[in-house]
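Okay, so here's the structure we're looking at.
The values are calculated or read from the model by the stated rules, or taken from the named source; none is laboratory data. Predicted, not measured: the structure shown is a model, and the values here were computed from it. Cβ coordinates were reconstructed from backbone atoms using ideal geometry, including for glycine residues, and neighbour counts include every protein chain displayed.
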Amino acid sequence: MSTIRIVPAVERDVPVIFAMIRELAEYEKLTDIFVATEERIRAGLFGDDPAAEALLAYDGPQCAGFAIFFRCYSTFLAEAGIYLEDLYVKPELRGNGIGFALLSRIAQIATERGCGRVEWGVLNWNEPSIQFYKRLGAVPMDEWTKYRLTGEPLRQLAARCVMPSPAASQASRTTASRS
């Protein structure tokens, strides 16, 4: 009988994480927007200013899944929270408690860090995952709709900002002091 282990990912795990993210994109039918690279994953998880953390799940010696999460903040609770960006278990290993082990470890991390909640998104058609989350006591946020800015719309909105960016202000002060 295999024992499930959940461990923090380390930099040498990047190729494994990258491969599973690609598998997740295939499962979610989102390969058309998949542009991640190992280098970008490495920078995002292990660079000078990491954007997120990753956990790996092992079923015996085999890496069976991963979770990527980051800190967020709830103004209504006035507390930090955790946003679960991805939770993935290899298809042939689903139903063996691996997803539960990953999600319960995320919950444990949240409580250890004093977070008021854990949130995540799920595709509307992913009924097995929706039922799994409901069995854990998670509730859908049906009254909310997620929005996203990316690519050119993000750049266009940033260009319309009336305030100079701190980086631009610093650069102009540096240039002025050299004059």
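Restricting attention to region 85-102, the residues that are buried (at least 21 other Cβ atoms within 10 Å of the Cβ) and closer than 21 Å to ALA51 by Cα total 3. Screening CYS63, CYS72 for residues that are in contact with a Gly (Cβ under 9 Å, 6 or more places away or on another chain) and at pLDDT 95 or above leaves exactly one candidate, CYS72. For region 138-179, filtered to residues that are over 30 Å from PHE100 (Cα atoms) and touching a helix residue (DSSP H, G or I) at 6+ places or on another chain (Cβ under 8 Å), the residue that is modelled with the highest pLDDT is LEU149. Here ARG40 passes the criteria (1) touching a helix residue (DSSP H, G or I) at 6+ places or on another chain (Cβ under 6 Å); (2) in a helix (DSSP H, G or I) except the one numbered (1). In region 32-39, is there at least one residue being in contact with a Gly (Cβ under 7 Å, 6 or more places away or on another chain) and either surrounded by 11 or more Cβ atoms within 10 Å (Cβ to Cβ) or under 23 Å from GLU92 (Cβ atoms) (or both)? Scanning region 32-39, I find no residue that is in contact with a Gly (Cβ under 7 Å, 6 or more places away or on another chain) and either surrounded by 11 or more Cβ atoms within 10 Å (Cβ to Cβ) or under 23 Å from GLU92 (Cβ atoms) (or both), so the answer is no. Every test in (1) over 18 Å from LEU84 (Cβ atoms); (2) under 13 Å from the mean Cα position of the chain (by Cα); (3) not acidic (Asp, Glu) is passed by PHE69 save one, and that test is (1).
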